[in-house]
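Notes to accompany the following structure.
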Amino acid sequence: MAHCIVDAAEAILDKEFPVLDHGFVRLVDYLGSDERIVQSARVSYGSGTKTYRQDKGLIGYLLRNDHTSPFEQVNFTFHIKMPIFVARQWIRHRTARVNEISGRYSVMDSEHYLPSRDQINMQSEDNKQGRASEAVSDEVAEKVLKILSDDQKRVYESYEQLLEMGIARELSRINLPLSLYTEWYWQMDLHNLFHFLRLRLDEHAQYEIRAYAQVILDIIRLVCPIAVEAFEQYKLGSATFSASELEALKALLRGEENPLKGRALELFEQKIND
């Protein structure tokens, strides 16, 4: 099985793609491509024995039917800089291999995340973990940004004061806020990366992590364009229905009344409308 080289990927290796105000995503390395997925699925075939159209059809079939192991043959290593609160959401995806900067060994930089004005929102009334869609007034946004900025500056000055006193870095850091930027190397195979992207590109995911997910999607598209197209078609832009929801769909197609009631009906209609 030949080593896969993708010219478009080689052109962006180690290039920083900015995210938010101080963050970035950088592709450090990759292993495999669309070709590797196909080679893995067709173990008995060599390179170049199938056409582009056949390869595209095979990758689409594999993804649509959840034959995931060929996608695990492709791996990506990223260098990512993000606010700590984003990292704490991110780390929930436990299939990755991660090495993060340590505040025990390093003095943390004075870089904090401040949201843009159009991303400052009130708490959503119908989503316990999200924001309302409308941005607040300029007056409120200004006040919010001042509170955040003043607190960030004050806490970081206290951190520096503790370091100057000779207090251990592992103690001096403990009051640093979630808005502080951290960095890590993050490695994941394509199958699990697609799962990460499906969750974190969803409109219900927090805006800040969605911004990173979009940049990562754009990067891996350069390495595996056929696989990413299939992912967008069969996973990212798709919906999963329960057995009862499928029966409801059949009833509606027959011109019958929807048998679902209450909360089940609400969830079903939300899927249809989305």
Residue check, Asp14 in contact (Cβ under 8 Å) with a residue 12 or more places away in the chain, on the phi > 0 side of the Ramachandran plot and part of a loop (DSSP other than H, G, I, E, B): yes
Top-ranked residue in region 185-220 [being part of a helix (DSSP H, G or I) and small (Gly, Ala, Ser); ranked as surrounded by the fewest Cβ atoms within 10 Å (Cβ to Cβ)]: Ala211
Close pairs (6 angstrom Cβ cut-off, 6 or more residues apart or separate chains): surrounded by 10 or more Cβ atoms within 10 Å (Cβ to Cβ) in region 253-274, assigned to a loop (DSSP other than H, G, I, E, B) anywhere: Phe268/Leu260; Lys271/Ala239
Filter result for the condition that a residue is assigned by TED's automatic domain parsing to the domain that holds Val228, of a type in the set (A, V, I, L, M, F, W, C) and in a loop (DSSP other than H, G, I, E, B), over Ile5, Ile37: Ile5
Strands (runs of 3 or more DSSP E) contained in region 56-167 and holding at least 2 residues closer than 29 Å to Arg26 by Cα, assigned by TED's automatic domain parsing to the domain that holds Ile216 and not aliphatic (A, V, I, L, M): 75-83, 97-100
For Arg42: the one exception among (1) crowded, with 20+ Cβ neighbours inside 10 Å; (2) more than 17 Å from Pro225 (Cα to Cα); (3) of a type in the set (Lys, Arg): (1)
Selection within region 221-244 - among the basic types (Lys, Arg) and either over 17 Å from the mean Cα position of the chain (by Cα) or assigned to a loop (DSSP other than H, G, I, E, B) (or both): none
Selected residue (criterion: nearest to Gln152 (Cα to Cα)) from residues of region 78-97 that are surrounded by fewer than 21 Cβ atoms within 10 Å (Cβ to Cβ) and of a type in the set (D, E, K, R): Arg88
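The values are calculated or read from the model by the stated rules, or taken from the named source; none is laboratory data. Quick caveat: nothing in here was measured; it's all calculated off a predicted structure. Using ideal geometry, Cβ is built from the backbone for each residue, glycine included, and neighbour counts are taken over all protein chains shown.
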